[in-house]
């Protein structure tokens with residue numbers, strides 16, 4: 001019984017179902033002028049099937065996925081590392097904070113023209129954009145998380161014989177996890193949004209590039225398939241980090 | 001030789017503080033808020049820089065890091081690590097010192113048993129009650145068998161019953177382990193119940209150090225007297241056993257009822273804060289309630305003190321400003337006094353010391 005209860009679909013699915021029904025009805029009854037620009041839900045599903053079957057979607061998706069994984073991993077590892085050092089050592093924070101504060105507000109896509117000139121059009125471009133997109137917010141959240149750990153926990157650990165390194169690894173980082181994961185969770189989704197934008201502008205492969213090709217052929221169904229894939233990936237990445245965060249910080253909330 | 005010695009310590013509000021704590025002694029540092037109590041503990045623990053010198057067993061420790069001072073410190077808000085369960089919290093210092101896992105397990109087991117928290121071993125701090133957290137934090141502080149234990153108002157957040165119970169346990173634990181202990185509090189009852197000696201600190205100065213009865217009955221300065229209150233001491237003219245475990249003690253025309261343990265009482269004492277004053281006759285049985293007349297009113301910044309003539313005695317009662325302003329007390333007015341039974345202290349010839357009832 002408990003098992004059945006666990007798999008019972010929630011009420012949340014109902015609005016989605018109604019939305020899809022309305023979409024299908026509106027498209028089929030030609031309720032919108034210029035009906036050719038508004039494919040039905042069924043058409044989109046069929047196009048998803050064709051794109052998957054002939055591996056076009058898979059190939060482009062894989063290109064985007066690899067870029068996101070490399071750029072996001074590198075950006076977040078670097079952000080975590082620098083963020084921890086900045087949060088822990090006041091002198092480093094004082095030295096780097098003005099620079100970070102200046103660069104942090106620049107939107108990741110604002111770097112695109114500069115990076116196009118520096119790196120040229122190639123695989124390095126979207127990866128660098130994702131790196132920048134991930135690095136600064138994760139650094140900022142990590143440094144804030146480390147700095148805002150209650151100093152009394154540090155004092156307690158000192159009286160219990162802990163060295164600075166012990167305190168950092170066994171007390172401060174675990175207590176800063178909620179903040180650190182907020183950065184990781186938000187930026188994991190953001191990495192997908194950014195890679196699509198970079199691919200649309202400058203790269204011939206990937207989901208973004210596929211969308212641009214579909215646009216030039218006026219294939220709304222393909223564009224919608226790409227948007228759905230993008231939405232699912234943003235959602236999945238954010239949920240994955242939310243899940244890990246929930247597991248690791250269950251006793252801190 | 002004192003086990004802990006503070007020589008000319010200055011930091012924040014504390015100025016040229018000198019204090020000695022003897023080996024295996026339970027010293028209570030008593031003072032109002034911001035008197036410098038916690039600052040002194042942090043100095044002893046080495047958590048803040050300071051001027052002056054701290055000696056443990058005659059050896060200066062000023063250059064030692066907190067981790068090398070071998071002290072156990074129970075902070076006011078305990079600060080159990082929320083991401084570690086009870087076992088890991090207790091084992092924290094042992095793992096830091098790289099004890100073999102087998103020894104860690106054995107020591108944690110011993111502490112869990114000693115603090116009667118074995119059933120909590122796998123719980124996380126979030127799922128513990130106030131009293132349970134207290135025990136876990138104490139076990140964690142004791143894990144490395146420190147020579148010195150510092151307790152910063154550890155029971156202040158607990159309800160009266162739990163606090164009293166834990167206080168008794170703490171005292172027993174101290175007798176058993178013989179750790180030199182400094183206990184910070186602003187609570188007079190706590191201090192009196194638990195201390196071998198009390199050091200009264202006000203505005204960063206140690207005003208008086210002595211046994212609880214010396215501090216309570218013979219305050220050496222006005223600050224101590226103001227903080228504790230000069231007690232009302234009444235000579236007992238007769239003691240009549242009334243049966244059923246109670247006796248009537250006659251003190252200058254006031255028949256005071258107290259528990260009867262078979263010994264005659266020579267004097268009784270009551271702090272001004274333990275005498276309630278009422279404009280109208282209080283409800284309830286007519287025991288330890290007396291009619292009196294106000295002879296003097298002294299209003300100062302912290303308290304209002306009423307001098308009330310009751311029988312042949314002049315009793316001093318005190319109350320906070322807000323209560324005084326709610327009442328209509330004037331010199332010459334008839335009032336009713338209620339003596340708080342639990343706060344009465346008695347002096348018997350046989351014991352030659354003040355004792356709580």
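Quick note: the coordinates plus some simple rules give every number you see, no bench work behind them. Note that the coordinates shown come from a computational prediction; the quantities given were computed from them, not determined experimentally. Positions of Cβ are generated from backbone atoms using ideal geometry, with glycine treated the same way; all protein chains shown enter the neighbour counts.
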Whole-percent pair-distance distribution, where bins are 10 Å wide, for the alpha carbons of the protein assembly as shown
3, 12, 16, 16, 14, 12, 10, 8, 6, 3, 1, 0
Rounded to 10°, Cα long-axis angle of helix A:207-216 versus longest principal axis of chain A:
30
Under 12 Å from the residue B:341 label point (7 Å along Cα→beta-carbon), backbone N, segment B:180-221
none
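Counting helices only, and only those DSSP H runs with n ≥ 4, report the 222 nm mean residue ellipticity of chain A as the sum of -39,500 (n - 2.57) divided by its residues, in deg cm²/dmol to the nearest 500.
Helix-only estimate at 222 nm: -26000 deg cm²/dmol.
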Quick one: length gained pulling residue A:14 to residue A:163 fully straight, 0.36 nm per residue minus the C-alpha distance?
48.1 nm
Residue of A:224, A:13, A:173 that the Gaussian network model of chain A assigns the largest fluctuation, springs spanning Cα pairs under 10 Å
A:13
Computed helical MRE - 222 nm, chain B, DSSP H runs ≥ 4 contributing -39500 (n - 2.57), nearest 500:
-7500 deg cm²/dmol
At a Förster radius of 60 Å, what calculated FRET efficiency corresponds to the Cβ-Cβ distance of residue A:242 and residue B:261, to the nearest 0.05?
0.35
Could the peptides B:147-159, B:112-124, A:123-135 be put in order, highest first, of the mean number of other beta-carbon atoms found within 10 Å of their residues?
A:123-135, B:147-159, B:112-124
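What FRET efficiency comes out for residue B:109 versus residue B:172 if R0 is 25 angstrom and r is the Cβ-Cβ distance? Round to the nearest 0.05.
0.80
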Quick calc: nm separation of the 7 Å Cα→Cβ label points for residue A:150 and residue A:91 -> 3.0
Evaluated at 4 °C and 1.567 mPa s, the Stokes-Einstein D of chain B based on the Kirkwood radius over Cα pairs, in µm²/s, stands at 57
Helix B:101-114 sits off the longest principal axis of the Cα atoms of chain B, rounded to the nearest 10 on a 0 to 90 degree scale, by 10
Just subtract the alpha-carbon distance of residue B:160 and residue B:18 from 0.36 nm times their residue separation and send over the number in nm, one decimal.
47.8 nm
With axes computed from alpha carbons, what is the tilt in degrees of helix A:41-53 against the longest principal axis of chain A, rounded to the nearest 10 within 0 to 90?
70
Separation of the residue B:64 and residue B:356 label points, Cα + 7 Å toward Cβ, nm:
3.3
Taking R0 as 60 Å and r as the Cβ-Cβ distance between residue A:217 and residue B:33, the FRET efficiency 1/(1 + (r/R0)^6), rounded to the nearest 0.05, comes to 0.20
Can you give the Rg and Dmax of segment B:201-248 based on its C-alpha atoms, in angstrom?
16.4, 50
